[in-house]
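Beneath this line is the structure, given in structure tokens, with notes to follow.
The values are calculated or read from the model by the stated rules, or taken from the named source; none is laboratory data. Computed from a predicted model, the values in this text were never measured in an experiment. Cβ sites come from the backbone with ideal geometry, for glycine too, and all protein chains shown count toward neighbours.
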Amino acid sequence: MSFAPEKPENPSPKKRPPSWSDLWLKNTKPLKHVIFTMQLQSLSSPITPTTKNNSNNNKNTKSPKIPKTQIPISNFPKFPNPNFNYPKSESDPTRKLSDQTLLQILSKLPDSNHNSISLVCKRWLNLQGRLVRSLKLLSWHFLESGRLVFRFPNLTHVDLVSGCFFSPRNSGILLTNRVFSMHLGSGFSTKWNELCEDSLFPVEVIDRGLKMLACGCPNLRKVSVIGASELGVLSLAEECMTLQELELHMCNDDVLRGIAACTNLQVLRLVGNVDGFYGSLVSDIGLTILAQGCKRLVKLELYGCEGSFDGIKAIGQCCQMLEELSICDHRMDDGWLAGLSYCENLKTLRFQSCKRIDPSPGPEDYLGCCPALERLHLHKCHLRDKKSVGAMFMLCMAVREMVLQDCWGLDNDMFSLASCCRRVEFLSLEGCSLLTTEGLESVILSWKELQSLRVESCKNIKDSEISPSLSTMFSVFKELQWRPDTKSLRPSSVLGIVMGKKGGKFFKRERLFVH
């Protein structure tokens, strides 16, 4: 008799530790309450035709039983029914307003909010474009594609200079000048005088863009462009009858023929030659064409232009309304200064970055004077020629305001030539390091009508050298700004600051005081 071996009993399996999902699912009583509440909420919502059919099919179904401990439905958030069709209503209440009314409302907002206005909707985007008046173009394709005039039809001021160059905008090389700036690619030419001309769009492209701009924005008042021809300027003159201000870079005599058609032009800036960037010729021929065509000029700036006595004389005789003339880095021939005496209504004369004024101005009787001149400003000019500086002050002897800033060579002898300007009421000196207290005193004591004085950063003018007569004159001034020493520009917050011991090899331990 054989016995089968007993099978060993299976060992009890090990219990695994409960997970968070098991613990959470065991207590389902609150979850059931929430589900019941959501079902009741969907039943209490308005019934659409789709839900109505479903309710008819399920007539005999029993409604869920609500426990007595049910929380009131009002305490739960209302979940929208996915089958509910919301009634179509106007979500934008401004649709009832006309474009003109809405434009008047949006125009009252500050300029800082105009960008956010364009993000509301397409209609507001278009209206915001109609509010823009000034624009600086960075991509010429934006103009040629027609999007510029479509997006901003009411432009009045447009700067096209930066957009006239086909240069990469993502380049880290930025070539800048006081006149303009441009980006450079990695393979740019090392010849700086050819750099701008190589990167500039062809003349035909620029003229075509000006034609599109003039036709799309007929209310233009100010335009800045570089490399345009006579045809491009003529299109502006024909289409934009309200054009009042024009800035032309790389301008020459041929381009000025188109300017003659701008009958209402009042402000004009001509940039002919910029050292190291580009060169173009503006001579007496162009200045004469300009004078005969633009007789309503009020403000004229000549940058890097050539010419002589005849060109300046033509401007003075024809442009009777000219009140402000700026001469920057000029290439004028000798004797041109005498032509300024024909500008009978000229009130402001500026010289900027001029390496010379007029080496051969001619005799004083031939030089003449500007009778209506009120302001004479010189900025970063070379005043080393005594004959030239003397002729300039003789021509401007009727000025009321004189500003001399960072002028090289202005010492006591040169400044003494200004004694002929006896009607000066305001004098400003800044960065005149060669002028001393004695030289300043010898001139201003002869100016009996001087009422305001400003002296700044003139290191050779000392407080200790002020004479009693000069001090008495200071006491009767209406306005006095006396900061001849640059140390006096330190703010009062540095008073009492002591230099530390670190860097003692190069710095002495001292205390800073404010004068």
For Leu322, are the conditions met, namely being more than 22 Å from Leu290 (Cβ to Cβ) and buried (at least 22 other Cβ atoms within 10 Å of the Cβ)? no
Residue check for Arg356: touching a Ser or Thr at 6+ places or on another chain (Cβ under 8 Å), surrounded by fewer than 17 Cβ atoms within 10 Å (Cβ to Cβ), over 23 Å from Leu376 (Cβ atoms) and charged (D, E, K, R): no
Scan the helices (runs of 4 or more DSSP H) fully inside segment 195-281 and keep the ones with 1 or more residues being touching a residue at least 40 places away in the same chain (Cβ under 8 Å) and of a type outside the set (Phe, Trp, Tyr). 203-216
Does Gln320 satisfy being part of a loop (DSSP other than H, G, I, E, B) and assigned by TED's automatic domain parsing to the domain that holds Leu231? yes
Quick check: is even one residue across segment 429-447 under 19 Å from Ser326 (Cα atoms) and surrounded by 15 or more Cβ atoms within 10 Å (Cβ to Cβ)? no
Among the numbered conditions (1) within 19 Å of Ile357 (Cα to Cα); (2) outside any loop (DSSP other than H, G, I, E, B); (3) not charged (D, E, K, R), tell me where Ala398 comes up short. (2)
